[in-house]
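The values are calculated or read from the model by the stated rules, or taken from the named source; none is laboratory data. Since we're looking at a predicted model, the values are computed, not measured. For neighbour counting, all protein chains shown are included, and Cβ atoms are generated from backbone atoms with ideal geometry for every residue, glycine included. Quick note on the areas: whole protein, heavy atoms, side chains included, nothing else; ligands and nucleic acids left out. Shrake-Rupley method; radii C 1.70, N 1.55, O 1.52, S 1.80 Å.
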Amino acid sequence: MVKLKRILFLTSNEGKLREAKHALEPRGYEIVSFADGTSKVQLVEVQANDLVTVALSKIEQAESYVGNMHQIDGVMVEDAGFFIDAHPSFPGVYSAHILKSLGLEGILQLMRGQKERGAEFQSTIVLQVKSERIVAQGSCRGRISEEIRGVGGFGYDPLFIPEDGDGRTFAEMTLNEKKALSHRGHAMARLVTLLEDLG
Ligand code: IMP
């Protein structure tokens, strides 16, 4: 395995990019992306019920983006999802689509009167380094708040109160606080361990 330094993170989600940089750059990895540059990444999301299948499909599509980028040591993709206990598998792999169509208010509406407010975030990261493929996963359990709170983060963050936190939503936390508790923070930490084990 080559000494990994520069990782291309294929995402057009600036929130994910910010969190990946925050988690990995202090560990000595440089994260580059098109999300903060000129062209947008257009990865097709396959129809599948699980994040791993979607993430593996994204990495298969990565080759066309890497092209002749000689300074890249590895390519990374992530598929993440939000899972509401009261609505099994929902929105899950359709999290981005559902948030766009219902909005946070729509999710609150869906949960109105609902006592069971448990929910979970999951993240699957796939890193390809030459012919090696590393899969790292993380999850975070919590509950859906009664109202929209906070301006940080992205996506469902203003509605999600992690169970190991102090009652604030992810959107009310700093990047550091969210990293310590979140699905992505856990998946990134696992990725670093796997990379260190590989030597
Ligand atoms: P995908 O991984 O690009 O399919 O996107 C999954 C969707 O889940 C995102 O567009 C967000 O709406 C949501 N999501 C994923 N991770 C987070 C997070 O850390 N906070 C809030 N929402 C998230």
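Does at least one position in the stretch 156-170 carry a residue that is under 26 Å from G74 (Cα atoms) and open to solvent by 30 Å² or more (accessible area, probe 1.4 Å)?
No: the stretch 156-170 contains no residue that is under 26 Å from G74 (Cα atoms) and open to solvent by 30 Å² or more (accessible area, probe 1.4 Å).
The rows are residues; the columns are (1) closer than 27 Å to G113 by Cβ; (2) touching a strand residue (DSSP E or B) at 6+ places or on another chain (Cβ under 8 Å).
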residue: P158; (1), (2): yes, no
residue: D166; (1), (2): yes, no
residue: F170; (1), (2): yes, yes
residue: L175; (1), (2): no, no
residue: L181; (1), (2): no, yes
residue: R184; (1), (2): no, yes
residue: M188; (1), (2): no, yes
residue: L191; (1), (2): no, yes
residue: L194; (1), (2): no, yes
Go through (1) at pLDDT 95 or above; (2) in contact with a helix residue (DSSP H, G or I) (Cβ under 8 Å, 6 or more places away or on another chain); (3) under 23 Å from E132 (Cβ atoms) one by one and return the number of the condition E25 breaks. (2)
In the stretch 181-192, how many are more than 13 Å from the ligand (Cβ to nearest atom) and open to solvent by 60 Å² or more (accessible area, probe 1.4 Å)? 1
Kindly establish whether R141 is in a strand (DSSP E or B), open to solvent by 60 Å² or more (accessible area, probe 1.4 Å) and modelled with pLDDT under 95. no
If A55 passes every condition in (1) part of a helix (DSSP H, G or I); (2) within 13 Å of the ligand (Cβ to nearest atom); (3) open to solvent by 10 Å² or more (accessible area, probe 1.4 Å); (4) not polar (S, T, N, Q) but one, which one does it miss? (3)
When the stretch 70-84 is checked residue by residue, the ones that are of a type outside the set (A, V, I, L, M) and either within 16 Å of the ligand (Cβ to nearest atom) or closer than 19 Å to P158 by Cβ (or both) are E78, D79, G81, F82, F83
Which is closer than 19 Å to R141 by Cα and touching a residue at least 60 places away in the same chain (Cβ under 8 Å), of Q122, Q128? Q122
Give the residues of the stretch 80-91 that are at pLDDT 95 or above, in contact with a strand residue (DSSP E or B) (Cβ under 9 Å, 6 or more places away or on another chain) and not hydrophobic (A, V, I, L, M, F, W, C), sorted by residue number. G81, D85, P91
Selection from the stretch 7-36 of residues more than 14 Å from the ligand (Cβ to nearest atom) and open to solvent by less than 50 Å² (accessible area, probe 1.4 Å) yields I7, L8, L24, G28, Y29, I31, V32, F34
A187 vs. criteria within 20 Å of R18 (Cβ to Cβ) and out of contact with any Pro (no Cβ under 9 Å at 6 or more places or on another chain): yes
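For every residue, the table says whether it meets (1) modelled with pLDDT of 95 or more; (2) open to solvent by less than 60 Å² (accessible area, probe 1.4 Å); (3) within 14 Å of the chain's Cα centre (by Cα); (4) among the small types (G, A, S).
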position	(1), (2), (3), (4)
G67	no, no, no, yes
K100	yes, no, no, no
L104	yes, yes, no, no
S123	yes, yes, yes, yes
